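J.: Below are the structure tokens for one structure; questions will follow.
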Amino acid sequence: MADQNATAISAEHLVRRFGNFVAVNDVSFRVQKGEIFGFLGPNGSGKTTVIKMLTGLLPLSGGQATVEGVDVGKDPDAVREKIGYMSQNFSLYTDLTVTENLTFYGRVYGLSAERLRNRMDEVIQLNGLGPYLNRLSAQLSGGWKQRLALGCAMLHEPKLVFLDEPTAGIDPVARRQLWDLLFDLSGHGITFFVTTHYMDEAERCSHVAYIYYGKLIADGTPASLRELPDVQPVGTYRVEITTPEVTRALRIARTIPGIRSATIFGQSIHALVDDHFDIEHLREQLLKNGLVVGEIRPLAPSLEDVFVELTYKNQLAMEGARG
Amino acid sequence: MVNPFRGFGAVFYKEALHVRRDFGTLFFSLIIPLLQMFLLGFGIDTNVRQINTVVYNADGRRESRELLDRLRNSDTFRLYRFVNNDHDLNDAIISGKCRVGIKIPVDYSDRLLHQMDAQVLVLIDGSDSSVAGQAINVTTAIGLDESLRRVLPASDAKFAVDMRPKVLFNPDSRSPNFFLPGLTAILLLNVTTFLTAFSIVREKERGTLEQLFVTPVRPMGLLLGKLLPYLFIGFFELCMILTFMRWVFHVPIHGSVLLLAFLSLPYIFVSLSLGILISSKAGTQAQAMQLAFLTILPSIFFSGYIFPRETMPKFFYVLSYFVPATYFINITRGIILRGAGWAHLWMDGVALFLIGTILLIIAARRFQNKVILT
């Protein structure tokens, strides 16, 4: 048994039904303290539903969730004291200033006047909100709104913070800065539960899980996921093919024996090929079809490869189950 | 033990800030009721006078003209149009130009002079019941009076039964005295219900409600925190309405103003709770608006403000006990017109407080079960 004191979230066989629809289907995972846990999946796959279950917003239809040592089903109020939550749209009061938003959330958590003052100073400094204190939050740009929302969620010094798509719709610089801040805070022992669509963000997480139509289909460190047999079957490796005409190249590549699967990634194609596959043969085939071919080189699978592969496998499995 | 009012102070602080930021909206929501009172107070006369009347006088001699003078002098009728045939008489009523038609037959004077009974046709438009009632009463009374004058020989005759009606509290039948205390209740209801009707649904639309549910705020803390700032505003509005009523429309307040102020608090509380309940049911601000409008008409028509509750069918009479305005109209008319005191009105105050509490608990239960998010 893992050390209970080191566990921030333990989800066991979580189920959530809406009528006949099963939004979350037997999902189990464990998040250690101090981790940045990336929770990924397509839209509508149940990410936000899981967050709502773990934060006590939605009752569980089945299973058990323990958050910071408290059973969510039994005592959701006790959980709320211990966690911070930042929702997709930052949930700020736009007609209130930065200071007023912070003061409100501080009081909601029942901070004493003195502690509130101290914490506000800390949060303002940490998030660099100093120059904007008296500005209405409606007038802040996306990145600053997000920092303020994070500040509001962290005033009461939670040990665990849920961030639901914190970087949706903000610029790349602000995105980078947010992640730097998260690393900094996680270094101080704070656990983050982050949902995202961005694969580069997923790569930065210390632990990722992938949910697909209510089922958890991957759970581990990014490195361990790359080595999954489903992703990287024995006797195969990955290659990257650079070419300006990716769509045509893809069509051709898929007809070549030895290529098990192929997907477009920007100006290149990622292909899963048999161990004895001859790269030069592939180049010849493509050149013969009048394509300009750049570099063809072996490649370690990215997390995106991992998720594409797992999604594909699950789709097949689901169709098999239906048909 | 969790404090069921947790978060009250924080929410109160935030709501007060919202009010201050959006001062323009507040200003309009406070000034519009006063404008309405101004219009209605000056424009509405509940006494029926000067009804447009069309006359077909086929006789035209002295007796018939005397009868018309008496009708004119009653102040009830305004002899607006004279016609020469039945068709025009009917037409004036059907077209809505006149509400009453009087036809004096060609032999009216002859019959009277020959000590025979004469008939006068009075056509009354029944589409407005108060006008029709007044027209019937006054024409009947004038007919009776005319008859008595002719039957009884001289002036020394006495009536056997002498009814002496005395109208208490509003001896001059001044319309504002009757009209404005009730209007106070309706105006106050409109302002306050609309103030809170958007409070929760707005947060639902912005997504901040979900955020609040992840904090330790308890439903009652949230609702009361949202309600209380508006209780002050509602109370302020009441003071303005009363000031207007007293000094612009000269409606005397016979009872204790302090008691009236005190008993207005549970009423404002009810209206705000109603707004909050609406807000928790509605999915969008537009829905909340429609629901809030739904409260207005029952408050006007089932509260006894316009039609006496006693004449309602049993079912609606019972229903009127669930309309908060019923109690407050009793309170305002009681204190302002009848000089009623605490002993007469405490039950109305308690009833209002209970209704408000029940509404608020229903709203809070919706939060407890989080139905509001799904």
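We did not get these values from a lab; they are worked out from the coordinates using the rules stated. What you are looking at is a predicted structure, and each value in this text was computed from that prediction instead of being measured. Note that each Cβ is placed from the backbone with ideal geometry, even for glycine, and that neighbours are counted across all protein chains shown.
J.: Between A:Y312 and A:T247, what is the spin-label point distance in nm, taking each point 7 Å from the Cα along the Cα→C-beta axis?
T.: 2.0
J.: According to the Kirkwood expression over distinct Cα-Cα pairs, how big is the hydrodynamic radius of segment A:67-181, in Å?
T.: Roughly 14.5 Å, rounded to one decimal.
J.: Beyond a 32 Å Cα-Cα separation, which of these cross-linked pairs lie in this structure: A:K74/A:K215; A:K33/B:K14; A:K52/B:K226?
T.: From the list (A:K74/A:K215; A:K33/B:K14; A:K52/B:K226), the Cα-Cα distance tops 32 Å for A:K33/B:K14.
J.: What is the gain in length, in nm to one decimal, between A:E295 and A:D274 on full extension, counting 0.36 nm per residue of separation less the C-alpha to C-alpha distance?
T.: 5.7 nm
J.: While we're on this one: What ranking of A:F193, B:F27, B:F262 emerges when the number of other C-beta atoms within 10 Å of each C-beta is taken as an exposure proxy, fewest first?
T.: B:F27, B:F262, A:F193
J.: Helix check for chain B. Which DSSP H runs span at least 15 Å along their own axis by Cα, with a mean Kyte-Doolittle hydropathy no less than 0.5?
T.: B:23-43, B:175-197, B:219-247, B:257-281, B:342-368
J.: Now a separate question. In what sequence do A:H197, B:H87 fall when counting other Cβ within 10 Å, fewest first?
T.: B:H87, A:H197
J.: Same structure again: Points 7 angstrom from Cα along the Cβ direction at B:R72 and B:F38: gap in nanometres?
T.: Once both label points are built, they end up 3.8 nm from each other.
J.: Sticking with this one: Select from B:D86, B:D162, B:D117 the residue whose mean-square fluctuation is largest in a Gaussian network model of chain B (Cα-Cα springs shorter than 10 Å).
T.: Ranking B:D86, B:D162, B:D117 by mean-square fluctuation puts B:D162 first.
J.: OK, next. If I model a spin label as a point 7 Å beyond the Cα along the Cα-Cβ vector, how far apart are those points for A:D95 and B:M347 in nm?
T.: A separation of 4.2 nm, rounded to one decimal place.
J.: Please list, in order along segment A:286-294, the HN-Hα scalar couplings obtained from phi with the Karplus expression 6.51 cos²θ - 1.76 cosθ + 1.60 (θ = phi - 60°), rounded to whole Hz, x for Gly and Pro.
T.: Using θ = phi - 60°, the values come out as 5, 4, 4, 8, x, 9, 7, 10, x Hz.
J.: State the Cα centre-to-centre distance between segment A:289-323 and segment B:45-96 in whole Å.
T.: 95
J.: Follow-up question, since we're still on this one. I'd like the FRET efficiency for B:T357 and B:T284, computed as 1/(1 + (r/R0)^6) with the beta carbon distance as r and R0 of 25 Å, rounded to 0.05.
T.: The formula returns an efficiency of 0.35 here.
J.: Given the Cα atoms of the protein assembly as shown, and with Rh set as the inverse mean 1/r over their pairs in the Kirkwood sense, what is Rg to Rh to two decimals?
T.: Ratio of gyration radius to Kirkwood radius for the protein assembly as shown: 1.22.
J.: Could you check which residue among B:I102, B:I329, B:I361 shows the biggest mean-square fluctuation in a GNM of chain B with a 10 Å Cα cutoff?
T.: B:I102
J.: Treat every Asp and Glu Cβ in segment B:1-136 as -1 and every Lys and Arg Cβ as +1, leave all other atoms uncharged, and give the resulting dipole magnitude about the Cα centre to the nearest 20 debye.
T.: It comes to approximately 800 debye.
J.: Now, a different point. So how do B:L238, B:L17 line up by other beta-carbon neighbours within 10 Å, fewest first?
T.: Lowest count first: B:L17, B:L238.
J.: Taking springs between alpha-carbon atoms closer than 10 angstrom, which of A:V161, A:V67, A:V239 fluctuates most in the Gaussian network model of chain A?
T.: Result: A:V239 has the largest fluctuation of those listed.
J.: Let me ask you something else. Please report the spacing between the Cα centers of segment A:105-146 and segment B:119-175 in Å, no decimals.
T.: Rounded to whole Å, the Cα centres lie 76 Å apart.
J.: Let me ask something additional. Quick one: Kirkwood hydrodynamic radius for chain B, alpha-carbon pairs, angstrom, one decimal?
T.: That comes to 24.5 Å for chain B.
J.: Mark the label point 7 Å from the Cα of B:K97 along Cα→Cβ and return the residues of segment B:69-89 whose backbone N is within less than 19 Å of it.
T.: Within reach of a label on B:K97: B:77-89.
J.: A further question on this structure: What number, rounded to the nearest 500 deg cm²/dmol, is the helix-based mean residue ellipticity at 222 nm of the protein assembly as shown, given -39500 (n - 2.57) per DSSP H run of at least four residues and division by all its residues?
T.: Estimated from H runs of four or more residues: -16000 deg cm²/dmol.
J.: Same structure, new question: Calculated FRET efficiency, A:L287 and A:N43, Cβ-Cβ r, R0 51 Å, to nearest 0.05?
T.: My answer for the efficiency is 0.80.
J.: Related question: Taking every pair of alpha-carbon atoms in segment A:233-300, give the share separated by more than 21 Å as a whole percent.
T.: In whole percent, the share of Cα-Cα pairs in segment A:233-300 beyond 21 Å is 11.
J.: Taking every residue in A:55-63, how many Cβ atoms of other protein chains lie within 10 Å of its Cβ, on average?
T.: Per-residue shielding by partner chains comes out at 2.
J.: Let me ask something else about it. Against the longest alpha carbon principal axis of chain A, how many degrees, from 0 to 90 and to the nearest 10, is the axis of helix A:142-154 turned?
T.: For A:142-154 against chain A, the angle is about 60 degrees.
J.: Multiply the residue separation of B:F315 and B:I136 by 0.36 nm, subtract the distance between their alpha-carbon atoms, and state the gained length in nm to one decimal.
T.: Stretched fully, the B:F315-B:I136 segment lengthens by 61.4 nm.
J.: Another one. Averaged over all directions, how much area does the convex hull of the C-alpha atoms of segment B:166-290 cover when projected, in nm²?
T.: 9.2
J.: Starting from 0.36 nm per residue, how many nanometres of slack lie between B:M116 and B:R61 once their C-alpha separation is accounted for?
T.: 18.2 nm
J.: Any chance you could list the semi-axes, whole Å, largest first, of the equivalent ellipsoid that the Cα gyration tensor gives for segment A:198-323, using √(5λ)?
T.: Listed largest to smallest, the semi-axes of segment A:198-323 are 27, 17, 14 Å.
J.: If you don't mind, another one. Provide, as a two-decimal number, the C-alpha radius of gyration of segment B:1-125 over 2.2 N^0.38 Å, N being how many residues it has.
T.: Computed over Cα atoms of segment B:1-125, the ratio equals 2.16.
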